[in-house]
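This report refers to the structure that appears directly beneath it.
What follows is calculated from the coordinates using simple rules that are stated; it is not laboratory data. Bear in mind that the values here come from a model prediction, so they are computed numbers and not experimental data. For neighbour counting, all protein chains shown are included, and Cβ atoms are generated from backbone atoms with ideal geometry for every residue, glycine included.
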Ligand code: FAD
């Protein structure tokens, strides 16, 4: 219930202004966001890759409504990738892109053009790009743009949200040679007509999708902090003869860092999703919505504790 309210307010301009303006908010946001500028993002990349982790960096922002802002987002990614290039990390440091931040909502062709610029800059680093998945109304468009991008940048990946009914079929379509699929539970508020609502149903749907991806020919990116799903992944890897390099785990910056390190220490590829930038509100509210304990942490910080 609290989670639903937080997801609803993640799109409220009024709450955005009040929360963003509160000085102590920043302290709490820092737990989930690497910083506002490219230098802070690069430092987080260096710190995590030094600790045997791999990363995917997200320039925060979504639902851009004009061409100028879309171009600025694309430019920010290109600048970030240029700043990472001298580190020579190749595919150990990729980027994640929300197509709504580069114009998807008002001009799909523009979003595709910006995504191409980002993929070209990433290719110069020897790294792929992964498309984030946003609310269910964007899925067809995102998968269409993915198909076009993959003609020139075949390693481009995409996130699929297990909570959507359609995702079982999307996983079947994507479980093919060369494809990279990040499987997530799903972070948006979706209606019962398109998505599972209860945690149990979402978890079961995740296992169905995971099974398809692990049995298929693509490269599964298992993005979850859920120990039970990590255990299921290990069973499926065993069953379908996948070794540690044939799939990877992904987790969010600042969440279950001990688990990230333990999996990496056991030889797994673990990719940490690093968000940076000043437009952190929507991302931050979704993280609060996922876990009531985060709200308590937030309130304690606001109270100065
Ligand atoms: P949960 O059942 O939510 O959590 C399992 C356990 O993990 C919890 O008990 C808790 O211990 C820990 N945990 C989970 N979330 C938090 C948190 N916020 N704070 C503290 N502890 C927590 N969603 C999309 O819709 N589109 C995307 O493109 C997308 N990309 C993602 C990329 C990555 C790398 C990851 C890890 C997630 C992404 N998500 C995306 C978010 C995802 O959909 C889930 O909302 C999120 O991962 C929480 O689900 P969970 O699988 O960790 O399971």
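Dividing the convex hull volume of the alpha carbon atoms of region 104-202 by its residue count gives 100 Å³ per residue. How much of the calculated P(r) for region 219-305 lies past 22 Å, in percent of all Cα pairs? It works out to 38 percent of all Cα pairs. Subtracting the Cα-Cα distance of residue 52 and residue 137 from their residue separation scaled by 0.36 nm leaves 26.9 nm.
Once you divide the Cα radius of gyration of region 78-124 by 2.2 N^0.38 Å, the number left is 1.24. The sum of -39500 (n - 2.57) across all DSSP H runs of n ≥ 4, divided by the residue count of the chain, sets its helix-only mean residue ellipticity at 222 nm to -15500 deg cm²/dmol. Both radii come from the Cα set of region 211-269: Rg as radius of gyration, Rh as Kirkwood radius; their ratio Rg/Rh reads 0.95. With each label modelled as a point 7 angstrom along the Cα→C-beta vector, the residue 82-residue 30 pair spans 2.9 nm. Relative to the globular-protein estimate of 2.2 N^0.38 Å, the Cα radius of gyration of region 31-133 stands at 1.03. Distance between the pseudo-spin-label points of residue 123 and residue 108 (7 Å out from Cα toward the beta carbon): 2.2 nm. Taking the empirical scaling 2.2 N^0.38 Å for compact globular proteins as reference, region 185-226 has a Cα radius of gyration ratio of 1.27. Of all DSSP bridge pairs formed entirely within region 33-279, close to 5 percent run antiparallel. What the pair-distance distribution of region 33-279 shows, using all Cα-Cα distances binned every 10 Å from zero, is 8, 33, 39, 19, 2 percent.
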